[in-house]
Each structure stands twice: as structure tokens, then as C-alpha cells.
Amino acid sequence: MNELLLIVIGSVLVNNFVMSQFLGICPFLGVSKKTETALGMGMAVTFVMALASLITYFIQAYLLVPLDLEYMQTIAFILVIAVLVQIVEIALKKISLSLYQALGVYLPLITTNCAVLGVALLNTREGYNLIESVVNGTSAAIGFTIAIVMFASIRERLATGNMPKWMDGFPGALITAGLMSLAFQGFSGLIQ
């Protein structure tokens, strides 16, 4: 149980994919102008990462390793992620057309989001069992969601504030992301 708690704390705070490892920056910067859109992206990424961690564990353990096809790992994992993203895209189109339209091109880009592939590869590299893989994938996605929602909240607040002209838009977003990353570095000593 302690091991799972360490994985959760490590994935959410200490080794946050966006703030510490700088993975998943494209949707982080692209979908973070509104909190609702950021939360929708975070939920979509959480669904994809959690299921991808589960499915890729089985593919690695029961298909690639027994057949001595470990070199096909990246391709197999990307195929799994692409299928999951298509499921999310179809579901969002049916359930919430406005969120689907707000996410726009960034929704299909979850397929190439390096954070999603990164967590699947990290699970195999670390030798996590099934439970640890799913916990790591879900925790990493929760960390992504926390980071993108916090970032969107700050961006919304800055948009209504009195900012210098040169900080409007993307420059202000990059400065904010850098400061958030520095804040997350404060968690680096939590796990030894």
C-alpha cells in the first residue's frame, strides 16, 4: 500500500508530466484558455491514460514479451492510444458537442501526446505490475489535469487583469507556465 501511495504522490506532484518532465505541452498550452475546456481535456486524457496503462500492460506481458516482439512496443502502444482517443472523440461528439468543438484539433492530438505514450513506456521500464501500472497512469493523468486546470484558471485571471501589452496572450502564458513549473519543483524532495 505504501508503494502505491508513493506512486500516486510521485506521479501527481513530484514527477508531474507537464511541470517536471515537460511532456504534453501542446495540449497544455493550446487548450488552457478556459477552465471548462481544460477540465474537459484533463478528463479525456485521464480516461485515455488510465485505460492505456491497463491495456498496454496486457499487450506487453501477454503478447510482446512471449512472442519476443518487444521492439514493436512503441507502435503497439500508439495503436492502443489511437483507438482509445477515437472512442473518446466519438463519445464527446455524442455527449457534449460544445466541449468537442472547444477541444477542436487538440482532441485527436491526444494520440500523439507524448505524456500518454510516456506513461505507458514508463510503466514497462519501471517494471510495474498491473495495479501499479493503472495507478501510475491514473495518477499521472490526474497530475496533468491539476496542472492544466490551474494554468487555465491563472490564464483566465490574467486575461481580465491589467497586463502590459507585451504579456498578452502567449508570452504571458509561457511566463506563467515557467513560474508554475518552478513551484512544482518545490515538491522534488518529497520522495527520495
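The values are calculated or read from the model by the stated rules, or taken from the named source; none is laboratory data. It should be emphasised that the depicted structure is a prediction, and the values quoted were computed from it without experimental measurement. Virtual Cβ from ideal backbone geometry, glycine too; neighbours counted across all protein chains shown. For accessibility, only protein heavy atoms count, side chains too; no ligands or nucleic acids. Shrake-Rupley method; radii C 1.70, N 1.55, O 1.52, S 1.80 Å.
Points worth noting:
- GluC sites (Glu not before Pro) within region 81-154: DSSP coil, no more than 16 neighbouring Cβ in 10 Å: Glu126
- Ranked packing of 158-164, 36-42, most packed first, by mean Cβ within 10 Å: 36-42, 158-164
- Helix-derived mean residue ellipticity, 222 nm - over the chain, DSSP H n ≥ 4, -39500 (n - 2.57), to 500: -22000 deg cm²/dmol
- Solvent-accessible area per residue for region 84-192 (1.4 angstrom probe, square angstrom): 54 Å²
- Region 111-158 - Rg (one decimal) and Dmax (whole number), Cα, Å: 13.4, 43
- With Cα atoms, 0 to 90° folded angle of helix 130-160 axis to the chain main axis: 10 degrees
- Taking all protein chains together, Phe58, Phe17 sort by accessible area into Phe58, Phe17, largest first [probe 1.4 Å].
- Computed over the chain, the Cα gyration tensor eigenvalues convert (square root of 5λ each) into semi-axes of 30, 21, 13 Å, ordered from largest to smallest.
- Accessible-area composition of the chain, carbon plus sulfur, in percent [1.4 Å probe]: 69 percent
- Backbone HN-Hα couplings from phi across region 181-190 [Karplus 6.51/-1.76/1.60, Hz, Gly and Pro as x]: 4, 4, 5, 5, 5, x, 7, 4, x, 5
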